[in-house]
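Taking it in order: structure first as structure tokens, then the write-up.
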Amino acid sequence: MQGRWKLFTLIALLEVVVVASAIAGPNRYGHSDRVERHLLPAVSTGPLDPAWSPDGRWIAFSMRGDIWKISAEGGEAIALTSGPAYHFEPAWSPDGRRLALTMDVDGNLDIGIVGAEGGSVTRITTDRAVDIEPTWSRDGRDLYFVSARRGGFRIYRHNLTTGADSEIVRGIQPSLSTDGKRLAYVARVPGRLGTGGLWTIDLPGGEPKLVHYEETEYRMKPAWTPDGSALLYVSDEMGSNDVAIVAAGGGNPIVLTADGRDEYGPTPSPDGGRFAFVSNRAGPTVLYTVASGGGPLASWREVTIRSRKPRALQGRVRVRVVGPDGEKMPARIQLQASDGRAYSPDGGFHRVIASTETHYFHTTGESEIEVPAGRTTIEAIKGFEYRPRSVTVDVPAGGTETVTIRLERLVDLPRRGWYSGDTHIHDLHQGRFGLTHEVFFNQLVAEDLHVTSALIHMDGTRLMGRWSDLTGKPHPLSTPHYILQYGEEFRGSLGHIALIGIDRYVLPFTGGGRATAYAAPAPDWTYLDAAAAQGGIAGFVHPFNRGISRPSDAANSLIPVDVALGKGDFYDVCAMVSDEVASAEMYYRFLNCGFRIAATSGTDNFSDVWRDPPPGGDRTYVRVDGPLTMANWMAGIKAQRTFGSTGPLLFFEVEGKQPGDEIALGKAASDSLRVRAEAVSIAPMERLEIIVNGKVAKSVRASDLFRIVLDDTVPIPQGGWIAARVVGPSSRYVSDSYAFAQTSPVYVVRNGHRFTSAEDARFLAGAVDALWARLEGQNRWGSPAEREAFRAAIEQARAVYQSIAEGSPGSDGK
């Protein structure tokens, strides 16, 4: 079995690694996390982005990668498009004979047109930059759309006759008034937080006018009322996303769908009597209409999809995943159908890993999926400790193919006392899927993530999470094998801190945010202290996203100050939005100054967002003493019995001692110590390295992509620390940019003295100075007292590093 798995995986990955390495990165299109997660269109199992036809008969929407239309009263949904491209964001032409759309084809987002009766799609734009959100001119001769082709997002007009593109204005989400004379759109408001306010501009050549400002997360999506007097849009002022209306000239908005869950994408009927929208109150989005004055849930009318009429012949595949004991097992499924697209079960949560553009969904063990008839490949994955397995079947048209996928263990780490966890996950973050606690917990079990720290935080001034979830105890859904517990993330302008194991919020959630009451630089060491005072732990998440070659490169982070002050229990070497090698290099500098901090990992994923990796994509492994409990897992982190990983499993000993342990040597002891490291992985690896005091002392390149062993001696004449790491390429089994793992060190103390590096101490002292120079240049202090308190901490940190650099005991004397 093991040999067959290795052969299959090697063959399958040779192509994937080459392709993925060219596009690997936390964001596929090179934009910010918020743009890629919230602005760009999504594949979904429920309707999104509805558009009412000009004659009032039909509502078009995107779903399952296609554009569909359905009677405004409900009934059969008729597909207008088919694979291999994915299709989104339909917009009817004024005569109702065509629809513009966004299409994902050949790895690019472009604009296309399809006939109202369906058929082939004509591709309109081919620029390599993102092109999205089409809408028609009132004479049908032009398309307005949004593009990033000149950096940032701008609205363009495309002439369908000449093919010429003309820039109109900076902004997103264009909507043209019924008379074609005014364009509504969303654009930034200077000096304000969020993705922008609601603007209008007279065509052609008018000046932009701000109609309304809210701190939104790319959800406004304005739509003119047919009479041109007002704009429908999505507001999050009441704590959830609701459809609201505001006069076109500005004024006080009125919320029309005040529900506890989220409503998106309002589109008015041509006669202005109703508007359509989608709601995620059931999980996947559902299409509704309501009278133009809005109303509570009881007044909404569901546009029921009673059947579907795809363009391609369909079949069904019934998937059952079982474990080594033959019992049903939750897992992640990566499916590719005969048309080259991915599909998910009805009502499921369709998602994609951006670094490799791998689509997936989670199953509780049994799922049924409708797919185009023909050759379909289904792969089941469960965390890092089970061998992935793939099967290919021929799905018959009109029939059902049943497959059982049995997963076998690669290694059983809980038997060795090692438990996986994630220091940094978010459940709710403005995603359009209605994520419940139950669905979230099922994700964690499917990923075999034993401990999850779900962090409640504030994005801008909006709460991301539920106040009531922070209790200081495991969530009631937790089991003896899988623990979910909520914590907090402090998001300051100089770095973010994860607070784990706390039972009371430490407020405010943010610091250093412009245009807020907390605009002054925030001392995050107070949060580190507060976590400790509550019996919790706290550490540094997604530390550095680029190489730090000069001290000034670290001038945007308080981590060098915090560490010098003796603060922080852990350091996330691996995180989706930071670079592992860059973060590790800074980690080594802290260790070389004598500070002892656990190497950990936290994904920082948004679990309700479609374009994001699963929980545990970057995970922390902890050697736990006793049974698995949150307290024991945190104790293991404090003791530095850890390694962080994006996929490889890394086991490491120095003279029989494991990470977090200390070896005390006398004068007569040998200069060299024996190390043994073994890495096994479901993802390909390139090399295993032994790091001694920040330098590569031994390196072994992989002869077997999935297992590397190193057994050798390394010199460490001055003492210090020894750790191991693994580096590998991108693959579909890695949710981050590439394969990486890093252990906490085994510490070596010679003659009672700890090794320190004067060179690294001077570097970190320089980083502290560069940080202070940056803060002084910004001069955003709330008061002289705030500045003095901050300056005192800076001076204290600088003094610590200067003391080390001047030759503390055990210094290398550089």
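The values are calculated or read from the model by the stated rules, or taken from the named source; none is laboratory data. Here the structure is a predicted model, which is why all the values come from computation and not from measurement. Here the Cβ is made from the backbone with ideal geometry for all residues, glycine too, and neighbour counts use every protein chain on show. Remember, those area values only see protein heavy atoms, side chains included, never the ligands or the DNA or RNA. Shrake-Rupley method; radii C 1.70, N 1.55, O 1.52, S 1.80 Å.
A few points about this structure:
- Residue in the range 757-778 that is touching a residue at least 12 places away in the same chain (Cβ under 8 Å), hydroxyl-bearing (S, T, Y) and open to solvent by 10 Å² or more (accessible area, probe 1.4 Å) present: no
- Top-ranked residue in the range 104-117 [being of a type outside the set (D, E, K, R) and in a loop (DSSP other than H, G, I, E, B); ranked as nearest to N27 (Cα to Cα)]: G107
- Remark: pairs (first residue in the range 534-547, under 15 Å from A575 (Cα atoms); second residue open to solvent by less than 20 Å² (accessible area, probe 1.4 Å) and among the acidic types (D, E); Cβ separation under 6 Å; 6+ apart in sequence or on different chains) = V541/D572; H542/D604.
- Qualifying residue in the range 740-749 (condition: farther than 21 Å from A677 by Cβ and assigned to a loop (DSSP other than H, G, I, E, B)): no
- Of all the residues in the range 290-325, those that are in a strand (DSSP E or B), among the aliphatic types (A, V, I, L, M), without any contact (Cβ under 8 Å) to a residue 60 or more places away in the chain and open to solvent by 40 Å² or more (accessible area, probe 1.4 Å) number 1.
- Test: residue in the range 544-562 that is open to solvent by less than 40 Å² (accessible area, probe 1.4 Å), among the aromatic types (F, W, Y) and closer than 23 Å to E759 by Cα: yes
- Verdict on R415 being more than 21 Å from V734 (Cβ to Cβ) and without any contact (Cβ under 8 Å) to a residue 12 or more places away in the chain: yes
Per-residue answers, yes or no, for (1) within 25 Å of S803 (Cα to Cα); (2) open to solvent by less than 10 Å² (accessible area, probe 1.4 Å):
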{"position": "K567", "(1), (2)": "yes, no"}
{"position": "V573", "(1), (2)": "no, yes"}
{"position": "V577", "(1), (2)": "no, no"}
{"position": "S583", "(1), (2)": "yes, yes"}
{"position": "F590", "(1), (2)": "yes, yes"}
{"position": "G594", "(1), (2)": "yes, no"}
{"position": "A598", "(1), (2)": "yes, yes"}
{"position": "T603", "(1), (2)": "no, yes"}
{"position": "F606", "(1), (2)": "no, yes"}
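- Cross-chain or 6+ apart pairs with Cβ under 8 Å, the range 345-366 first and within 14 Å of D608 (Cα to Cα), then part of a strand (DSSP E or B) and of a type in the set (F, W, Y): G348/F361; F349/F361; H350/F361; R351/Y360; R351/F361; V352/Y360; I353/Y360
- Considering only residues in the range 188-222 that are in contact with a Leu (Cβ under 9 Å, 6 or more places away or on another chain) and small (G, A, S), the one that is surrounded by the most Cβ atoms within 10 Å (Cβ to Cβ) turns out to be G197.
- Unique match (being open to solvent by less than 40 Å² (accessible area, probe 1.4 Å) and over 29 Å from P474 (Cα atoms)) among I405, I381: I405
- Scanning the range 176-187 for residues that are buried (at least 23 other Cβ atoms within 10 Å of the Cβ) and either assigned to a loop (DSSP other than H, G, I, E, B) or not aliphatic (A, V, I, L, M) (or both) yields a single hit, Y185.
- Extreme residue, nearest to N442 (Cα to Cα), among residues of the range 348-369 that are among the hydroxyl-bearing types (S, T, Y) and in a strand (DSSP E or B): T363
- Complete set of residues in the range 256-273 that are free of Cβ contacts under 8 Å to residues at least 60 places away in the same chain and open to solvent by 50 Å² or more (accessible area, probe 1.4 Å): A258, G260
- Entirely in the range 642-711, the strands (runs of 3 or more DSSP E) that have 3 or more residues that are more than 26 Å from G539 (Cβ to Cβ) and in contact (Cβ under 8 Å) with a residue 24 or more places away in the chain: 672-680
- So S703, is it open to solvent by 60 Å² or more (accessible area, probe 1.4 Å), closer than 14 Å to G719 by Cα and among the hydroxyl-bearing types (S, T, Y): no
Yes/no per residue for (1) in a strand (DSSP E or B); (2) at pLDDT below 95; (3) under 22 Å from H359 (Cα atoms); (4) open to solvent by less than 40 Å² (accessible area, probe 1.4 Å):
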| residue | (1), (2), (3), (4) |
| --- | --- |
| T102 | yes, no, yes, yes |
| G119 | no, no, no, yes |
| I132 | yes, no, yes, yes |
| G140 | no, no, no, yes |
| R150 | no, yes, no, no |
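- Every condition in (1) touching a residue at least 60 places away in the same chain (Cβ under 8 Å); (2) surrounded by fewer than 20 Cβ atoms within 10 Å (Cβ to Cβ) holds for P476 except the one numbered (1).
- Residue check for W92: among the aromatic types (F, W, Y), open to solvent by 10 Å² or more (accessible area, probe 1.4 Å), closer than 14 Å to D49 by Cα and touching a residue at least 24 places away in the same chain (Cβ under 8 Å): yes
- Residue that is surrounded by the most Cβ atoms within 10 Å (Cβ to Cβ) [pool: residues in the range 494-529 that are of a type in the set (S, T, N, Q) and not in a loop (DSSP other than H, G, I, E, B)]: T510
- Restricted to the range 418-467, and to residues there that are free of Cβ contacts under 8 Å to residues at least 60 places away in the same chain and either among the acidic types (D, E) or more than 23 Å from R34 (Cβ to Cβ) (or both), the residue that is least open to solvent (accessible area, probe 1.4 Å) is F441.
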